[in-house]
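Data first, discussion second: the structure below is written as structure tokens.
The values are calculated or read from the model by the stated rules, or taken from the named source; none is laboratory data. Please read these numbers as outputs of a predicted model, since none were measured by experiment. Neighbour counts are summed over all protein chains in view; Cβ atoms, including those assigned to glycine, are modelled from backbone coordinates with ideal geometry. What goes into the accessible areas is simple: the full protein's heavy atoms, side chains included, and nothing from ligands, DNA or RNA. Shrake-Rupley method; radii C 1.70, N 1.55, O 1.52, S 1.80 Å.
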Amino acid sequence: MTHEKIKKFESKERLEELSPIETLKKAGFKEGLTLCDIGAGTGVFAIPASKISNENIYALEKSEDMIEILNNRTKEKKLKNLKVKKVKSTTLPMLDNTCDLVIMVTVLHHIDDKKTMVSEIKRILKEKGKLMIIEFHKRDTSMGPPIEIKISKEELEEFARDNELKIVDKFDLGDNFYGYVFEA
């Protein structure tokens with residue numbers, strides 16, 4: 001199961017489209033900033049982030065399998081600033097005003113209580129902090145969940161308005177993904 005997830009999360013096509021380093025920089029992430037990756041998976045974004053900035057990078061995950069992979073990779077790569085944390089409830093295991101950038105990469109469509117998640121993100125963001133959400137285009141794509149589970153750009157913009165998130169930037173990432181950067 002774990003090996004299949006790694007293959008899925010880290011396929012060549014997926015990594016080329018997501019282009020983690022360029023996408024993080026596009027969101028304004030740079031040296032001196034702190035990042036929180038909610039639903040970090042195998043570390044596709046958290047690990048590159050730990051090389052862009054020497055500040056703490058938090059990889060939040062609820063899956064024991066993913067936590068094990070993240071912990072192993074942190075040790076293997078000797079990443080002193082990558083902090084893996086287990087999510088056990090709707091409250092994120094983070095202090096208030098901790099992060100300059102919070103990212104959710106293909107995670108929002110999995111979350112049932114999106115309103116609580118946004119209030120938690122706002123709690124952990126520093127003033128003028130940003131949130132980057134990457135999701136699958138809501139159409140038939142070569143990867144991702146069934147179309148009825150996907151979130152359209154219009155739905156994401158409505159969600160942002162309802163939760164008082166200001167759109168700072170938006171972009172497409174290949175044929176499968178799109179991204180939005182918000183200020184809380």
Could you grab the pairs with beta carbons closer than 7 Å, sequence gap of 6+ or different chains, first residue in segment 67-91 and open to solvent by less than 20 Å² (accessible area, probe 1.4 Å), second one assigned to a loop (DSSP other than H, G, I, E, B) and among the aliphatic types (A, V, I, L, M)? L70/A40
Looking at the structure I just gave you, is K150 over 23 Å from E22 (Cα atoms) and in contact with a Lys or Arg (Cβ under 7 Å, 6 or more places away or on another chain)? yes
Being in contact (Cβ under 8 Å) with a residue 24 or more places away in the chain, more than 23 Å from D169 (Cα to Cα) and exposed (fewer than 15 other Cβ atoms within 10 Å of the Cβ) narrows it down to one of E13, E55, so name that one. E13
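Being open to solvent by less than 70 Å² (accessible area, probe 1.4 Å), within 19 Å of T42 (Cβ to Cβ) and in contact (Cβ under 8 Å) with a residue 40 or more places away in the chain is true for just one of N163, N176. Which residue is that? Walk me through it before giving the result.
Working: N163 fails: within 19 Å of T42 (Cβ to Cβ).
None of the other options fit; the residue is N176.
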Before we move on, is G144 more than 17 Å from A40 (Cα to Cα) and at pLDDT below 95? no
Any chance segment 149-157 includes a residue that's modelled with pLDDT of 95 or more and closer than 29 Å to K51 by Cβ? yes
